[in-house]
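Single-structure report; data block below.
What follows is calculated from the coordinates using simple rules that are stated; it is not laboratory data. These figures come from a predicted structure and were not determined experimentally. As a convention, Cβ positions derive from the backbone with ideal geometry for all residues, glycine included, and neighbour counts pool all protein chains shown.
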Amino acid sequence: MPENVQERTRIKSERYESGVIPYAKMGYWDADYSVKDTDILALFRITPQPGVDPVEAAAAVAGESSTATWTVVWTDLLTACDVYRAKAYRVDPVPGTTDQFFAYIAYECDLFEEGSLPNLTASIIGNVFGFKAVKALRLEDMRIPYAYLKTFQGPATGVIVERERLDKFGRPLLGATVKPKLGLSGKNYGRVVFEGLSGGLDFLKDDENINSQAFMRWRERFLYCMEGVNRSAAATGEVKGSYLNVTAGTMEEMYVRAEYAKEIGSVIIMIDLVIGYTAIQSMSIWARANDMILHLHRAGNSTYARQKNHGINFRVICKWMRMAGVDHIHAGTVVGKLEGDPLMVKGFYNALLQSSLEINLPQGLFFDMDWASLRKVVPVASGGIHCGQMHQLLYYLGDDVVLQFGGGTIGHPDGIQAGATANRVALEVMVLARNEGRDYVNEEILRDGAKSCGPLKAALDLWKDITFDYTSTDTPDFVETATESK
Ligand SMILES: O=C(COP(=O)(O)O)[C@H](O)[C@H](O)COP(=O)(O)O
Ligand SMILES: [Mg+2]
C-alpha cells in the first residue's frame, strides 16, 4: 500500500467487504423475487457437497452462471449489478432423494446476445458444472421467454412445410440408415438407397460418422445416393430423399457440400450435433435460404444427457435445437435399443412439436412456455426398432415422427427392398386400424397384414421377440396423474 494511504476508502457496506462472502449474501438468492415475463429461467438439479447448504449452492450456481466470481469485486459498482445478477428464487428437495435439490434461477434477458445459442449456453453451462461446492449438477429444463425466442429463426422448414414438400400426410414418415455405416463404396451405397426407397421408405439416410473417408469420398456418395433417389422416385411416383451428411471439419467445407447437395436436387441434408451450436445455427440459416430440410443427428449427446444427476437433460437440447433451427432431431424410440423412458420421451416430443408448453412434471416439463411461432421440429425415432413394434411406435410417438429402421430394413432376410416393404405395410395397416378406431395396440393387426404380405411375415417371424428391456437411467421424478397425461 502506498505510504500516504492511511485507511481503505472502499464503500462501507456488508456486500463490499473484501474477501469471500456467501453467494446468497452477495444477492444471488432472492426468495421474494417476482419472475418477469422476459426472464430466462433455468431449473438445475443440484447435488451439493456434504455440508453445503442447498440455498447457498443454488445461489452459487446463479452467481457463477451470470455475473459473479468467487470474491466480491468493487467493479460491480460500475454496473447495474442488481439487474444483471441472476437470482436463485426457489429450492425444492427432489422427491425420493435425500441429497438432491431442484433450484430455480431467473436471468435478466439482457444478459444474453440476441439470436446466439453459444452466448446463452456459455453462461448457463459455462463454468458451473465444474464447481467444487456441488458434487453433481444437471440442467433439467429452461423457459425461454417469447422476447428472446423472437430473436431466433427457428426450424428452417418445419413439420407442416416438410409434409407439403414431400406430399405425405396423416402418417409417420419412414426412413432407414444405410448399414454397414462405414466401408461401402459409392455405388454399393447408392444401391442400398435405391432398394430401400423402392421398397416403400420415404427416406434413406447417412449415418452420423460417414463424411468423406478414404473408402468413399463425399461426392461419390452424394451422386450415387441421388441416382437412387431419382430412380426410385420415378418408379414409385413419390417424393423421396436421402439425408446427405454434410458434416465436415470446417464451416466452409460444409457449405461446399450443402451447395452441391442442392445442385444435384436433394430435398434434405444432414448435420451432426458434434459440429457445435454456431455451425448448427449457420446451417439452419443456409437451409431456410435454400429450401432444404435440415436433419440433425444427436451424435454425442449421451455423453452429457444420459446420467440423471449430472449434465444436461435432453429436453433442454430439444429446446436449444428448435431455437437453433433444425427440422429433424433424433429424440428417442421408447422401445428401441437406446435410452428412453416413455414419459421422458413424450416430454421431448412435446417440446419439439407443441406450439406452447404447459407444466407437466411427470414428463419433466417444469415451465409454461410459448414457442413464439417458431416452427415445429420433427422428432426422429431411431435405434434398434423393427416393424414388429409398429403398434407401440404409433401409440407412443404419434404421427409427427420419422421412424427409422436401419438394421430393421437392411437386416431383412429377403433383402433391403423386402425390409422396406415390411415396414411400409406394417405402418399402413396400423394407421388404418387406428383410424378405424380399433384397439390397434392389442389386436393382431400385424399378423393379419402379414397374411397378404410375404416380406412382413418374414420380418415378424425373424424379429417378433426382439425387445430391449433395460431400466432407463433418465426416469421421471414425479408420478403421473390422470390430468397430466397428454
Ligand atoms: O444408426 C442408428 C440406428 O441404427 P439401427 O436402426 O440399425 O439401430 C442411429 O445412429 C441411432 O439411432 C442414433 O441414436 P438416437 O436416434 O437415439 O440418437
Ligand atoms: Mg447411427
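Here are some notes:
- Rel. contact order, % - alpha carbon contacts under 8 angstrom, at least six apart, segment 158-462: 18 percent
- The angle between the Cα long axis of helix 251-263 and the longest principal axis of the Cα atoms of the chain comes to about 30 degrees, rounded to the nearest 10.
- Reported to the nearest whole Å, the Cα centre-to-centre distance from segment 284-335 to segment 134-204 is 10.
- Nearest 10 degrees, 0 to 90: helix 54-64 Cα axis against the chain principal axis: 80 degrees
- Rounded to the nearest 10 degrees, the angle from helix 277-289 to the longest Cα principal axis of the chain is 50 degrees.
- Only helices enter the 222 nm calculation for the chain: every DSSP H run of n ≥ 4 contributes -39,500 (n - 2.57), and dividing by all residues gives -10000 deg cm²/dmol, rounded to 500.
- Pairs of C-alpha atoms in segment 158-462 farther apart than 33 Å represent 20 percent of all such pairs.
- Förster radius 51 Å - calculated FRET efficiency between Asn290 and Asp465 (Cβ-Cβ, nearest 0.05): 0.70
- Prolate/oblate/rounded label for segment 84-178 (Cα gyration tensor, a/c 1.5): prolate
- Per DSSP, loop trypsin sites (Lys or Arg not before Pro) in segment 156-258 with at most 15 further Cβ within 10 Å: Lys168, Lys181, Arg217
- Directionally averaged projected area (convex hull, Cα atoms, segment 404-486), nm²: 7.6 nm²
- Out-of-range pairs (alpha-carbon distance over 21 Å; input Lys36/Lys87; Lys205/Lys457; Lys205/Lys464; Lys179/Lys308; Lys36/Lys346): Lys205/Lys457; Lys205/Lys464; Lys179/Lys308; Lys36/Lys346
- Size check on segment 269-385: the Cα extents along the three principal axes, sorted descending, read 39, 31, 26 Å.
- 5 Å-binned pair-distance histogram of segment 174-256 (Cα, whole percent): 3, 17, 28, 24, 15, 9, 3, 1
- Label-to-label distance, Glu263 versus Thr97, with points set 7 angstrom from Cα along the beta-carbon direction: 5.2 nm.
- Taking only alpha carbon atoms, segment 23-149 gives an Rg to Rh ratio of 0.95, where Rh is the Kirkwood radius.
- The chymotrypsin sites (Phe, Trp or Tyr not before Pro) of segment 60-155 that DSSP puts in a loop, and whose beta carbon has at most 15 other beta carbons within 10 Å, are Trp70.
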